[in-house]
Protein chains: 6
Amino acid sequence: MFSVGVSDHVMIAHSFADPTFGPAQRLHGATYSIEIEVRASSLNVHHVVMDIGAMRTLLRRVCEGLDYSNLDEHPAFPNRTSTTERVAEHVAGELARLFGELPTDARATKGATLRVTMRESPVAFASFERPL
Amino acid sequence: MFSVGVSDHVMIAHSFADPTFGPAQRLHGATYSIEIEVRASSLNVHHVVMDIGAMRTLLRRVCEGLDYSNLDEHPAFPNRTSTTERVAEHVAGELARLFGELPTDARATKGATLRVTMRESPVAFASFERPL
Amino acid sequence: MFSVGVSDHVMIAHSFADPTFGPAQRLHGATYSIEIEVRASSLNVHHVVMDIGAMRTLLRRVCEGLDYSNLDEHPAFPNRTSTTERVAEHVAGELARLFGELPTDARATKGATLRVTMRESPVAFASFERPL
Amino acid sequence: MFSVGVSDHVMIAHSFADPTFGPAQRLHGATYSIEIEVRASSLNVHHVVMDIGAMRTLLRRVCEGLDYSNLDEHPAFPNRTSTTERVAEHVAGELARLFGELPTDARATKGATLRVTMRESPVAFASFERPL
Amino acid sequence: MFSVGVSDHVMIAHSFADPTFGPAQRLHGATYSIEIEVRASSLNVHHVVMDIGAMRTLLRRVCEGLDYSNLDEHPAFPNRTSTTERVAEHVAGELARLFGELPTDARATKGATLRVTMRESPVAFASFERPL
Amino acid sequence: MFSVGVSDHVMIAHSFADPTFGPAQRLHGATYSIEIEVRASSLNVHHVVMDIGAMRTLLRRVCEGLDYSNLDEHPAFPNRTSTTERVAEHVAGELARLFGELPTDARATKGATLRVTMRESPVAFASFERPL
């Protein structure tokens, strides 16, 4: 099994409606360091899982939809539910869509999976993994 | 598949009885950076795998049973067998017990697993993974 | 010259009024990893620059004045001027005040300086340094 | 499931023949930080997956076959195909061979797997995983 | 004293003519993680040492003069003398020139200094510091 | 001003006699990640501050005097006073002595200084700086 990964980051504001989150119900924010990993059982014709340059470009495009914004107003997270898990799931969905638009020879081989890991602080992270 | 993780650290002394460990048979010590990760196929009612705050609190409680101690005298590691793998297994067992005492809505969904990774130096780590 | 340092982090929302900051004029946020360092030419009676435990406790107290908040509403940063440099200066001022209230034997020796470094992303940081 | 890992690094030159890699067709180079991980369902008689010291020694030996070299001239990567994925696959193969020569009591238990992860920059990595 | 820093990286090939460098006389390469820091005694009119965005853009421009190249052929390092110290000195010189072309209100205040730190591996770095 | 640095680590046991250290009066331990930095105003004849290979070799030699030991029994730290600051001072003294035995062309130029930084956990470090 092969994998390849790249990283980027976004800086967002948000708050949570659910009282379970205590002080995080207040408007605050986070720098999310985002690492994405694509896993595949074989390499494509270019001897890679996917091209790192293409991955970085598409990850940046997804990041631009979140960067310098208030997630409380983002349609993907209704009712102030932008937990790190939900943001990772959203990023994975957007990436899977963009990866699907790549030319065939730039894609990962059949059966590949995508994992998005988001570090919100030196002591906490969440991730989401799905098929491509 | 979702996951969430938090980290903490402990500072311990220990030594190994087994001659295979060479100089590590002498009394020495380690700072263990501990990262725990819970994986689950779905999120709970709070849109998270588990609450990060609860995870950090319970990990700290488990750390307190090890921090500033000599593992050669700890009942979990008889005959000076506190290899990093065994310490990770011990931490995972303690955490699984504490997680099981949480209110239902604070737990990870059915089928979740727990991984404990312990970094003992910039160049070495060990981990243990088990069901919750 | 000796130094000692500890770290912590806060998660805040903010925005900038100054058009020079482009997209950062929008409400967004940051996780600030904060590392503080105290430098002194000699050690105190306990063979340390300052006690690490006391430093961590007081840094946490200062962090609590910022954590999970919107800096646009914080009196220390009027007119939405909470640049990382200004936040570092603020944290240093608060810490210097708290360090000054410590018992004499817990303080750094005469002439010590304090540096506060704040990492806002994997690729950017700012710091402020002042006498204690 | 247990795992244990160690790390090292190599500094190499290379270039790619495939036009898909753009500027990386030019002769350039990389520092590869290499982390290897062995996973096994049980520990061996020494209460470890494998001895960290043995792992570091053998990883260094494999590194010596790459360090301070131009991979364009290395027989394992014909036609300038030393993508990070292919280098990880090569390192894993070399390590599996050396691990197989260890005395029985120094090996991982039956069914163990090996993962080799190579970080080529702060924002990119690739890995390869195989049975031992 | 204030400071601000940003980082980037380049991937280069090179070799050394001087026999003192042993195996590094062979053609090899490196990923240089580059962190630049500007220090100034006061902030400019925008409440920053310098704008992080401008710093990242100009650092990238300097990196483009090195990235994916063989430093043995670069005019700044005659006779294969591209030690990490010399590369840091070169990057600092290029940056100082570009910073000097910025509009006055985008520059650091009078007396500012620039430090360029280049990490070539997890265990080694070099830096160069100069006035701006 | 130029600088060059290398790193290594040691794993030690120790305890403190001074009641100010609370739970750290108990026998415990630490992994110290050690980073040393030599600063000089000019480069030597080899276009470096000092050779990284020589620095790593000598740092390892100093580490061997501490690694896998109990600092409570080390003559450099009488009465259980092995604070991180004192260990850094000791390492710096040993290194300065060894650096002084190097051939002239392998040394840093006149006026160089040495800084030893020891990270004892993800959240704490101490350092000592002295002339060479």
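Of all DSSP bridge pairs formed entirely within chain F, close to 95 percent run antiparallel.
Note that segment A:23-29 has calculated 3J(HN,Hα) couplings of x, 6, 6, 6, 5, 9, x Hz, one per residue in order, obtained from phi through the Karplus relation 6.51 cos²θ - 1.76 cosθ + 1.60 (θ = phi - 60°); glycine and proline are x. Mean per-residue shielding of peptide C:77-90 is 3, counting Cβ atoms of other chains within 10 Å of each Cβ.
Chains A and C together bury roughly 1700 Å² of accessible surface, counting both sides and using a 1.4 Å probe on protein heavy atoms. How much of the accessible area of the protein assembly as shown, in percent, comes from carbon and sulfur atoms when a 1.4 Å probe is used? Carbon and sulfur together cover 52 percent of it. Assign one of three labels to chain A, namely rounded, prolate or oblate, based on the Cα gyration tensor with a ≥ b ≥ c the square roots of its eigenvalues; rounded applies when a/c is under 1.5, prolate when it is not and a/b is larger than b/c, and oblate otherwise. Here chain A falls in the prolate category.
At the listed q of 0.13 Å⁻¹, the Debye profile of segment B:58-119, built from one uniform point per Cα, gives log10 I(q)/I(0) equal to -0.40. Helical content alone sets the calculated 222 nm signal of chain C at -7500 deg cm²/dmol, taking -39,500 (n - 2.57) per DSSP H segment of four or more residues and averaging over every residue. The string of couplings for segment F:54-64 from the Karplus curve (6.51, -1.76, 1.60, θ = phi - 60°) is 5, 4, 5, 5, 6, 4, 4, 4, 5, 4, 4 Hz, one whole number per residue in order, with x for Gly and Pro. Across the protein assembly as shown, Cα-Cα pairs farther apart than 51 Å form 9% of the total. For segment F:71-96, list residues with backbone N below 12 Å from a point placed 7 Å from the Cα of F:R61 toward its Cβ? Once the point is set 7 Å along Cα→Cβ of F:R61, F:94-96 turn out to lie under 12 Å by backbone N, inside segment F:71-96. Partner shielding of E:65-75 amounts to 3, given as the average count of beta-carbon atoms from other chains within 10 Å of each residue beta-carbon.
Using a 10 Å cut-off around each Cβ of peptide A:18-28, what is the average number of partner chain Cβ atoms that fall inside?
Mean shielding by partner chains, rounded to a whole number: 6.
Electrostatic tally near B:L132: other residues with Cβ closer than 14 Å to its Cβ, Lys and Arg +1, Asp and Glu -1, net +2.
Listed values for segment B:31-43 are Karplus-derived 3J(HN,Hα) couplings in whole Hz (6.51 cos²θ - 1.76 cosθ + 1.60, θ = phi - 60°), namely 9, 9, 7, 10, 10, 10, 9, 10, 10, 8, 7, 8, 8, and x replaces Gly and Pro. Think of chain E as a dipole: +1 on every Lys or Arg Cβ, -1 on every Asp or Glu Cβ, centred on the Cα centre; then among E:P131, E:C63, E:S82, E:P131 lies furthest on the positive end. Here the protein assembly as shown carries DSSP beta bridges of which approximately 95% are antiparallel, counting only pairs with both residues inside. Amide hydrogen proximity for F:A112: with H placed 1.01 Å from N in the peptide plane, the residues at 5 or more positions away or on another chain lying under 5 Å are F:L132.
The values are calculated or read from the model by the stated rules, or taken from the named source; none is laboratory data. The shown structure was predicted, so the numbers you read here are calculated from the model rather than taken from an experiment. Methodologically, a virtual Cβ is constructed for each residue, glycine included, from the backbone with ideal geometry; neighbour enumeration extends over all protein chains shown. Just the protein is used for accessible areas: all its heavy atoms, side chains included, with ligands, DNA and RNA removed. Shrake-Rupley method; radii C 1.70, N 1.55, O 1.52, S 1.80 Å.
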